[in-house]
Amino acid sequence: MAHFESETLADNVVLHIQGKPLKEEFDGHSNCFIESGNGKALLIDFNYEYEPHEGPFPFTFGPMKLLEESRLNHLGKLAFRHVYWNVLLKARPLPGISRQKKKPVNA
């Protein structure tokens, strides 16, 4: 979450110095894996306007389920760990992922 927030913050600092209107791009959107034990995890998806909700993720057909404990969510967390350390922290772009305001998948 801080990764995307920092992009908007950096832009807004420059815009403020230039006396221009600030961007309102970042809406607090976040996904979070929560380990529940025994090789399972839950996945939540939310932003400043929408509380965590149930349903398929990342598309309207899944394959993961929000707010449901599963082995697939645990595997998703393990995969995300690689993405976090090797893509996000190195400021590499992720296709289909941006800081732009949008409604969560199932809201």
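For region 1-21, how many residues are aliphatic (A, V, I, L, M) and at pLDDT 95 or above?
Initially, region 1-21 is screened for residues aliphatic (A, V, I, L, M), giving 1-2, 9-10, 13-15, 17.
Keeping just the survivors that are at pLDDT 95 or above gives 13-15, 17.
Adding up the residues that qualify gives 4.
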* Quickly run through region 46-74 and pick out the residues that are at pLDDT below 90, outside any loop (DSSP other than H, G, I, E, B) and open to solvent by 90 Å² or more (accessible area, probe 1.4 Å). => F59
* Structure fact -> When region 26-45 is checked residue by residue, the ones that are among the acidic types (D, E), open to solvent by less than 50 Å² (accessible area, probe 1.4 Å) and closer than 30 Å to R71 by Cβ are D45
* Top-ranked residue of region 10-25 - restricted to ones that are in contact (Cβ under 8 Å) with a residue 12 or more places away in the chain and surrounded by 12 or more Cβ atoms within 10 Å (Cβ to Cβ), ranked as farthest from Y48 (Cα to Cα) -> D11
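Tell me which residues, restricted to region 26-48, are without any contact (Cβ under 8 Å) to a residue 24 or more places away in the chain and not aromatic (F, W, Y). So that I can check it myself, show each step before the final result.
Taking region 26-48 as the starting set, the residues that turn out to be without any contact (Cβ under 8 Å) to a residue 24 or more places away in the chain are 32, 34, 37-38, 44, 48.
Within region 26-48, C32, I34, G37, N38, I44 meet the criteria.
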* To do: Exactly one condition in (1) part of a helix (DSSP H, G or I); (2) over 25 Å from K90 (Cβ atoms) is not met by E5; state its number.
  => (2)
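The values are calculated or read from the model by the stated rules, or taken from the named source; none is laboratory data. Quick caveat: nothing in here was measured; it's all calculated off a predicted structure. Glycine gets a Cβ as well: all are built from the backbone with ideal geometry, and neighbour counts include every protein chain shown. Accessible surface is based on the protein model in full, side chains and every heavy atom, while ligands, DNA and RNA are left aside. Shrake-Rupley method; radii C 1.70, N 1.55, O 1.52, S 1.80 Å.
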